[in-house]
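Here's the structure we're looking at; comments come further down.
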Amino acid sequence: MKTIKDLGDLRGKRVLVRCDLNVPLDGTVITDDGRIRASLPTIKSLTSAGARVIVMAHLGRPKGAPEERFSLAPVAQRLGDLLGAPVAFAVDTVGSSAQTVVAGLGDGDVALLENLRFNPGETSKDDGARGAFADELAALGDAYVSDGFGVVHRKQASVYDVAKRLPSAVGGLVLTEVEALSRATDNPERPYVVILGGSKVSDKLGVISHLLDKADCLLIGGGMVYTFLAAQGHEVGRSLLEADQINQVKEYLERAATMGVEIVLPIDLVVADDIKPDASPVIVRANAIPHDLMGLDIGPESRELFREKILAAKTVVWNGPVGVFELPIFAGGTRAVAQALVDSDAFSIVGGGDSAAAVRLLGLDINGFGHISTGGGASLEFLEGKTLPGIAVLEG
């Protein structure tokens, strides 16, 4: 893939940069600016080269039309604060405001276009509609930089089609992501341990199948545990269960046993009658969940077991919390996993999404991890071995 240096002298050039600025908002207040901060190095490298930077991004899931609650206006303000310079904000994507804002940029200035998903062409499945929007976006710039790893698994106008219309390069954030994740997929140092959590096993089926050929050990936590326990014939009470995936999970357990891949399930669990801050948690054996309770975290013995496996590893990938970490009474397991990664000498990857959010919420030192991904879905698909359109187009 070409890097920014391969684009040559950028002074005075209009550079479109696709970032992932899909931050959580409470009204108009940004509650976690991690993705904005992650975009700063590439933006700064372009402004220091004298480029006129036009940032493109999305927020939330609007239905192809403007919605005030999904406006990027608060992001423009925060981006300007972090850059220490004003960021011009276009109140549309390719209309008169965007054209005026871009025309007014000087060398080293930064602008942000309004939410790309306010235009139906951004996410259209129709190549013509998507291409038409990409034509309008491309007309605003002289070059394109892909730096939003959280969207490179999407074949969208600003991710895929614009890259085909302008001289294109990969940004520093995406390059770092690809290099880090490649360490866990191409030739990982062993033992190679993967921790999979999150709510649904169906979300992880592809990555489980792919990793059975690569990993030495899979640690299973989170809501997906209960489908595994049910596949072993255990009662799971009122715990989250995907009954339609039980046969598939049985197949994976059998395949793992044949291949010599260790699948480690919790041996004890924290259960309660409801997901609420004032619940009364109880610790039970994993094969003895009461019929009227639900599993909400891995138990103390399981935390120690997971820690032992993590500390013995040389490469660790973690995707998905192992409990309902948003509530302190059910955050012990996720904290234990995160702390074990910090204490480990292994090269560790935290696979974006809720895992990265948990690390920040629990207040752990992010420097204790080898790499914290900015893209949950993209990192999962990378680990599955899928072709990511936003990467493939830059390699073509």
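For the reader, a short list of remarks on this structure follows.
- Taking a sphere under 9 Å around the Cβ of V207 and counting the other residues whose Cβ falls inside, with K and R at +1 and D and E at -1, yields a net charge of -2.
- Here region 226-307 exposes an accessible surface that is 49 percent carbon and sulfur, computed with a 1.4 Å probe and the other protein chains kept in place.
- Simple spin-label estimate for D213 and D274 gives 4.7 nm between the two label positions (7 Å along the Cα-to-Cβ direction from each Cα).
- Label-point separation, V284 to R11 (7 Å along Cα→Cβ), nm: 7.1
- Helical runs (DSSP H, four residues minimum) scored at -39500 (n - 2.57) apiece and divided by the length of the chain put the mean residue ellipticity at 222 nm at -10500 deg cm²/dmol.
- Positive-pole candidate from G363, L10, V249, dipole of the chain, charges at beta carbon: L10
- Cα point-scatterer Debye curve for region 318-396, base-10 log of I(q)/I(0) at q = 0.15 Å⁻¹: -0.55
- Packing, taken as the mean count of other beta carbons within 10 Å per residue, orders the peptides 30-36, 131-137 from highest to lowest as 131-137, 30-36.
- Pairs spanning more than 28 Å between alpha-carbon atoms, out of K204/K314; K63/K214; K5/K63: K63/K214; K5/K63.
- GNM flexibility winner over the chain from K276, K155, K314 (Cα, springs under 10 Å): K276
- C-alpha center-to-center spacing [region 353-396, region 142-220] in angstrom: 6
- Within straight-line cross-link reach of K386, aspartates and glutamates at Cα separation under 14 Å, skipping those fewer than 8 residues along the same chain: D186
- Distance in nm between pseudo-label sites at Q77 and N367 (7 Å out along the Cβ direction from Cα): 3.2
- Positive contributions from Lys and Arg (+1) and negative ones from Asp and Glu (-1), summed over other residues with Cβ under 13 Å from the Cβ of P328, come out at -1.
- With protein chains left intact and a 1.4 Å probe, residues in region 2-147 average 44 Å² of accessible area per residue.
- Ranked packing of 96-102, 115-121, most packed first, by mean Cβ within 10 Å: 115-121, 96-102
- Full-stretch length increase - E68, S96 - with 0.36 nm per residue and alpha-carbon distance subtracted: 8.2 nm
- Taking packing as the residue-averaged number of other Cβ atoms within 10 angstrom, the listed peptides 57-67, 220-230, 162-172 run from highest to lowest as 220-230, 162-172, 57-67.
- With the convex hull of the Cα atoms taken as the outline of the chain, the averaged projected area works out to 19.4 nm².
The values are calculated or read from the model by the stated rules, or taken from the named source; none is laboratory data. Since we're looking at a predicted model, the values are computed, not measured. We place every Cβ from the backbone using ideal geometry, glycine too, and count neighbours over all the protein chains shown. The accessibility values were calculated without ligands, DNA or RNA, using every heavy atom of the protein model including side chains. Shrake-Rupley method; radii C 1.70, N 1.55, O 1.52, S 1.80 Å.
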